[in-house]
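Asks: Dumping the structure here so I can ask a few things about it.
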2 protein chains.
Amino acid sequence: MEEDKISIAVVKRLPRYYRYLGDLLDNGITRISSGELSKKMHITASQIRQDLNKFGRFGQRGYGYDVELLYEEIKRILGLDRQYNMVIIGAGNLGQALANYGNFSRRGFNFIGIFDKDPNKIGMEVGNMRVQDVGELDAFLNKNSVDIAVLSIPKTNASQITSILVKNGIRGIWNYSHIDLRTPDDVVVENVHLTDSVMTLSYKLSELENSK
Amino acid sequence: MEEDKISIAVVKRLPRYYRYLGDLLDNGITRISSGELSKKMHITASQIRQDLNKFGRFGQRGYGYDVELLYEEIKRILGLDRQYNMVIIGAGNLGQALANYGNFSRRGFNFIGIFDKDPNKIGMEVGNMRVQDVGELDAFLNKNSVDIAVLSIPKTNASQITSILVKNGIRGIWNYSHIDLRTPDDVVVENVHLTDSVMTLSYKLSELENSK
């Protein structure tokens, strides 16, 4: 295995492979060639071979990929062979949407707390949790083992909350606040900047117009 | 201008430049060197020069970048010099979160309709709109000029809805459904796959663990 040599571009494609391999397993398909996988995923067979051969031994000439082995290997590489405790900071629509989305717990991402500063939200039930006062966050993190914090709050409060998270040993931040967080090297951040995403879409639309 | 030669990697960085340049303008800063911008954005000055020199004439040796010119140029390239009409399909928590997020309309992305199939949601008020029966979608698209549809529905219904959208001439789909949509070449899709994103985060966390 050479995990430390996987480029971020390949990493970004791994969840998609994982999703397709999971569907194959659900349909009882135990092996598949890069050509067949290529047709399903609409990426070239050579790209698939290039990506997956990084994980060694799975593709055998004339046999194809062992779906379950590959699925389990990607699962391990993605860190999905363990459970994660998560808290949500910000119980607005977005925080609620995430809390209620069942797919996360199915993958091992378990929400154990949700926080807000709005007195109207505190005490409300969201996805089997009660919204707690964000003033209690520090104490909560101190008492509970939390791996990942979801930031679904306006950017004005994001830095201050990040300090509390980092101080309490949170190692992963899933950031929906529209700001680039500054964190120490041993804290990883994954950004979901929705405004950036819609701008990428409008770029693609403009490009489409221009090509006519 | 050489827009057609801009790589997707650069395009993905443009919204971030746009955001920082907007902040500079808000603070009355009218020019900036690649070195100063580098410090603010935490990317290398040479990367900045490589990215922005694509747009020609903006960086002048000893002067730096004209912030407003560059901001306006990136705005134009991103297609933000026009307005977009959008509809949301799926009025669950996520659809509601998007409908209520003020930053979109500020950028020219205007929601003009929201649809759901759930009788309990139809008629509900969300972000100054009334949720309409998804059965009315076809007729609505026929009557109104819509540029972008947001898919915030489970993947089971995504393909069928996409057919209705494509049939009615929708050119842009902002897809939150956890499925890879098949669309004609003249319809562009921007995916926001939240489960893929959290898996990227767990990958980074595992890598962090392994590096200890």
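The values are calculated or read from the model by the stated rules, or taken from the named source; none is laboratory data. Just so it is clear, the structure is predicted and the values come from calculations on it, not from any experiment. Cβ sites come from the backbone with ideal geometry, for glycine too, and all protein chains shown count toward neighbours.
Asks: Looking at the stretch A:12-50, which of its residues are over 19 Å from A:F104 (Cα atoms) and within 14 Å of chain B (Cβ to nearest Cβ)?
Replies: Within the stretch A:12-50, A:L37, A:S38, A:K39, A:K40, A:M41, A:H42, A:I43 qualify.
Asks: Here are B:G123, B:G135, B:G172: which of them is in contact with a strand residue (DSSP E or B) (Cβ under 8 Å, 6 or more places away or on another chain) and surrounded by fewer than 13 Cβ atoms within 10 Å (Cβ to Cβ)?
Replies: It is B:G123.
Asks: Next up: Within the stretch B:92-113, is there a residue that is over 29 Å from A:S206 (Cβ atoms) and either crowded, with 23+ Cβ neighbours inside 10 Å or in contact (Cβ under 8 Å) with a residue 60 or more places away in the chain (or both)?
Replies: Among the residues of the stretch B:92-113, at least one is over 29 Å from A:S206 (Cβ atoms) and either crowded, with 23+ Cβ neighbours inside 10 Å or in contact (Cβ under 8 Å) with a residue 60 or more places away in the chain (or both), which makes the answer yes.
Asks: Using the structure shown, decide if A:A91 is within 30 Å of A:N142 (Cα to Cα), assigned by TED's automatic domain parsing to the domain that holds A:S152, among the small types (G, A, S) and at pLDDT below 95.
Replies: No.
Asks: Does at least one position in the stretch A:193-204 carry a residue that is in a loop (DSSP other than H, G, I, E, B) and within 9 Å of chain B (Cβ to nearest Cβ)?
Replies: Checked the stretch A:193-204: at least one residue is in a loop (DSSP other than H, G, I, E, B) and within 9 Å of chain B (Cβ to nearest Cβ).
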